[in-house]
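Participant: First, the structure itself, so that you have it in front of you.
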Amino acid sequence: MRIKPFIWMLVVATILFALACADKAPSPVVPTQPPAAQSSAAQPPSEPVALPSNGFKAELSLIEPPAKLRSGQKETVRVKIKNASEVMWWARGAPVNPRPDNKFYRAAGNRWLKADGSLQTNMDGRYGLVKDLKPGEETEVPLVITAPKDPGEYTLEIDLVQEQVAWFSEKGSPTVKAKITVVK
């Protein structure tokens, strides 16, 4: 007979507990990481994809570019690349890219402009990123360039490209330029 009062107390305690919990609104979920860390911690894509428009933000610089080159001379320039976006840059568009055509790869590339700013050579050198870059991370790549055949004053312009998607400058990201004199 002592079991009945115990069961009644248990039932009343459960009801009181349920009523006490029902009055409380659930607490909001607050992220514990800053936005940049959240985006870099996102799940990687399962297949290669194009960057979103806000991912085409880079800071580029040339490390000790040459002032003078001989006509047709090949030279390796060092390009410093910083991911200035809030989006993870997968060097190949995803952790693995099985495509044979390099689509979605990120690469540094250059073109030559004449003294008046018109295009001399649209595609010269290319060098793919060798590692993925989280927002704010930097890397350096060696880019082999070939000086124009005609002597004169030229501008070497370096940009990033997501292959078969877009040049970063087409999406508003700045390029880096250097004045170079080409001699015979």
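Every read-out reported here was derived from the displayed coordinates using simple, explicitly stated rules and does not represent laboratory data. Being a predicted model, the structure only gives us computed values, none of them experimental. Positions of Cβ are backbone-derived with ideal geometry, glycine not excepted, and every protein chain shown enters the neighbour counts.
Participant: Largest first and to the nearest Å, give the Cα extent of the stretch 57-183 along each principal axis.
Facilitator: 44, 30, 23
Participant: Give me the number: length gained by fully extending GLU47 to VAL96, i.e. 0.36 nm times residue separation minus the C-alpha to C-alpha distance, one decimal in nm. The partial results should precede the final answer.
Facilitator: Values: separation 49, 0.36 × 49 = 17.64 nm, distance 0.72 nm.
That works out to 16.9 nm of additional length.
Participant: What order, most packed first, do the peptides 165-176, 116-127, 78-89 have when packing is the mean number of other Cβ atoms within 10 Å of each residue?
Facilitator: Details: 165-176: 16.2, 116-127: 12.8, 78-89: 19.8.
The densest-packed peptide leads the list: 78-89, 165-176, 116-127.
Participant: Also, I was wondering about something else. How much length is gained on full extension from LYS134 to LYS184, taking 0.36 nm per residue of separation minus their Cα-Cα distance?
Facilitator: Working: separation 50, 0.36 × 50 = 18.00 nm, distance 4.31 nm.
Gain on stretching LYS134 to LYS184: 13.7 nm.
Participant: I would also like to ask the following. Can you tell me the relative contact order of the stretch 74-184? Whole percent, Cα pairs under 8 Å, sequence separation 6 or more. Write out the running numbers ahead of the final one.
Facilitator: On the way: 239 pairs, mean separation 35.2, N = 111.
Across the stretch 74-184, relative contact order equals 32 percent.
Participant: If you don't mind, another one. Measure up LYS80/LYS184; LYS80/LYS179; LYS80/LYS171; LYS80/LYS114 against 22 Å on the Cα-Cα distance and list the ones that go over. Mind dumping the intermediate values first?
Facilitator: Values: LYS80/LYS184 29 Å; LYS80/LYS179 18 Å; LYS80/LYS171 19 Å; LYS80/LYS114 24 Å.
Beyond 22 Å between Cα atoms: LYS80/LYS184; LYS80/LYS114.
Participant: Give me the net charge for the shell around TYR105: Cβ to Cβ below 11 angstrom, other residues only, Lys and Arg +1, Asp and Glu -1. Show your work: numbers first, answer last.
Facilitator: Values: positive: ARG92, ARG99, LYS103, ARG106, ARG126; negative: ASP101, GLU163.
Summing Lys and Arg as +1 and Asp and Glu as -1 gives +3.
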